[in-house]
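Below: one structure, written as C-alpha cells.
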Amino acid sequence: RVCKTKSEGTVLKEAAHINKSLSILEQVVLALGEGSEHVPFRSSKLTHVLKDAVGGNCKTVMVANVWAEASQVNETLSTCRFAMRLQRLKCLVTPNVMEDAGTRIRALQRQIKDLQQQAGGHKDGSWSLIGADSSSLTEQDRWLIRHQASLFLASPCTSRSLGPLYL
C-alpha cells in the first residue's frame, strides 16, 4: 500500500504507527469477541484510549469509511470485514447513577441505627452481650471477659469506643 500512496519520511512513519494501532485494535476486538481472559488494551495508545468505548460501559458508534473507486477495492473490503467484526461485539451498558450526598448520608445513618438495634446497642452507648445469659456465667468468667475487654481497650489502637460492657 505504500507504493500506492508514495509516502516518504515522516508521513510514512505516521502511516506505519496508524496501521500498527489499527492492527492492535483489531486484536482487541477479536479478543473481546471471543471472550478472551486477556485483552491487549495497553498494546497501543489508541486501544488504551478506546478501552472504555470498546470494552466498557459506553454506547459506542464507529464509522467505517469506504470508497467506491475500483483502485480502493482492497481497502474497502478490509474495512467492511473489520466493521462486521466490530458489529458482533455486544456491550452491556448500564446507567451511572449519581446519588445526592445528603441522601446517601441519611440512608447510612438509618442503616447504622438499624444495625445498632439489631446488635443490642442501648441509647446511652452501652452494649450488652446478645444471646448470652449472663446469669449462667461464673464470677471467674465475668472477670476474664472484663479483663480481655480492658486489654482490648488499652491496646495501641484505641480509636474505637465501645462504652461500658454490662454482664
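The values are calculated or read from the model by the stated rules, or taken from the named source; none is laboratory data. Note that the structure is a prediction, hence the values are computed from the model and not measured. To get the accessible areas, we keep the full protein, side chains included, count just its heavy atoms, and leave off ligands, DNA and RNA. Shrake-Rupley method; radii C 1.70, N 1.55, O 1.52, S 1.80 Å.
What number does segment 76-120 give for Rg over Rh if you use C-alpha atoms and the Kirkwood radius?
Across segment 76-120, the Cα-based Rg/Rh ratio is 1.58.
Rounded to the nearest percent, how much of the accessible area of segment 1-108 (1.4 Å probe, protein heavy atoms only) is carbon and sulfur?
58 percent
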